[in-house]
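Undergrad: Please find one structure pasted underneath; my questions will follow.
The values are calculated or read from the model by the stated rules, or taken from the named source; none is laboratory data. From a predicted model like this one, the values you see are computed outputs, not experimental measurements. Heads up, the Cβs are rebuilt from the backbone with ideal geometry, glycines too, and the neighbour counts pull from every protein chain shown. With ligands, DNA and RNA removed, areas are computed over all heavy atoms of the protein, side chains included. Shrake-Rupley method; radii C 1.70, N 1.55, O 1.52, S 1.80 Å.
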Amino acid sequence: MPDEQMAAAGSEAGAGPVPPGGAKVAPTAPPAPSGPPAAPAGPPASAAAAPAPPRPLDPIDRSILRLLQADGRASIRSVAEQVHVSRANAYARINRLIDDGVIQGFTARVNHERAGQGASAYITLKIVQNSWRTVREKLRELPGAAHIALVSGDFDVLLLVHTPDNRTLRELVLTRLQSIPEVLSTRTLLVFEETDLLESGPIGGPALASLNPLAPLTEEQP
């Protein structure tokens, strides 16, 4: 039987019995539902959990960030004076920058050579496709690893390491890095000299670094 005839037969079969005289009985409407209508489904969980977009930073926010990058021990009073706002305003701005995830913590800038890490290098890696997350977790475990980035270009990953000497650096590359199955090849670029572009200089005041880095700051008393 052709598809069209099968479809017609199916529709006639589903139409129900025909009473004598040839008149068809109108189908009975389904009963109206009792109770209030169902509420529309809410947004999917992934949409509800999406983080809020970052708020734009104004020039005062950026000035505060530069001051705290130069000296994480700066007091609220010192920051307020240098950006020309009240202490309450500076306090509120810093807490907002923390809450928004712009400031992720307060730390110290280290002179690696004076700290006993006299050999530094950038190491480029080519890795197996789609293995970035696995490689990243293994690189985190390397002693002296300071920065890891997934990049475009002739290689896939850029790694910055600090080690006590060249022998330790050589062992790290040949023994630790090249033993990672997902690493296809490496290239080591020794750092002869580096310059920190952040402005330095004492700002003074009680240490912000002594507080929980992600906890709300407390405004100092006059």
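Undergrad: Where the second residue is surrounded by 16 or more Cβ atoms within 10 Å (Cβ to Cβ) and aromatic (Phe, Trp, Tyr) and the first is closer than 26 Å to Thr195 by Cα and lies in the stretch 70-86, which pairs have Cβ atoms under 6 Å and are six or more apart or on separate chains?
TA: Hits for this filter: Gly72/Phe106.
Undergrad: Search the stretch 118-141 for residues that are open to solvent by less than 10 Å² (accessible area, probe 1.4 Å) and pair each with any residue that is among the small types (Gly, Ala, Ser) and in a strand (DSSP E or B) when their beta-carbon atoms are under 8 Å apart and the residues are at least 6 apart or on different chains.
TA: As it stands, the answer is Leu125/Ser185; Leu139/Ala145, since those pairs meet every condition given.
Undergrad: Taking the conditions exactly as written (aliphatic (A, V, I, L, M), within 19 Å of the chain's Cα centre (by Cα), in a strand (DSSP E or B) and closer than 30 Å to Ser185 by Cα), does Leu158 satisfy them or not?
TA: Values: aliphatic (A, V, I, L, M): yes; within 19 Å of the chain's Cα centre (by Cα): yes; in a strand (DSSP E or B): yes; closer than 30 Å to Ser185 by Cα: yes.
Criteria met by Leu158.
Undergrad: Looking at (1) within 21 Å of the chain's Cα centre (by Cα); (2) open to solvent by less than 80 Å² (accessible area, probe 1.4 Å), which is the one condition that is false for His112?
TA: (1)
Undergrad: Of all residues in the stretch 75-86, how many are buried (at least 18 other Cβ atoms within 10 Å of the Cβ) and more than 30 Å from the chain's Cα centre (by Cα)?
TA: 2
Undergrad: Something else now. Of (1) open to solvent by 60 Å² or more (accessible area, probe 1.4 Å); (2) assigned to a loop (DSSP other than H, G, I, E, B); (3) hydrophobic (A, V, I, L, M, F, W, C), Leu184 satisfies all except one. Which?
TA: Of (1) open to solvent by 60 Å² or more (accessible area, probe 1.4 Å); (2) assigned to a loop (DSSP other than H, G, I, E, B); (3) hydrophobic (A, V, I, L, M, F, W, C), only one is false for Leu184: (2).
Undergrad: Return the residues of the stretch 126-155 that are touching a helix residue (DSSP H, G or I) at 6+ places or on another chain (Cβ under 7 Å) and not in a loop (DSSP other than H, G, I, E, B); say none if nothing qualifies.
TA: Across the stretch 126-155, the qualifying residues are Ile127, Ala145, Ile148, Leu150.
Undergrad: A further question on this structure: Looking at the stretch 142-154 only, could you name the residues that are open to solvent by less than 70 Å² (accessible area, probe 1.4 Å) and of a type in the set (A, V, I, L, M, F, W, C)? Explain how you work it out, then say what you get.
TA: Narrowing the stretch 142-154 to residues open to solvent by less than 70 Å² (accessible area, probe 1.4 Å): 142, 144-146, 148-149, 151, 153.
Within the stretch 142-154, Leu142, Ala145, Ala146, Ile148, Ala149, Val151 qualify.
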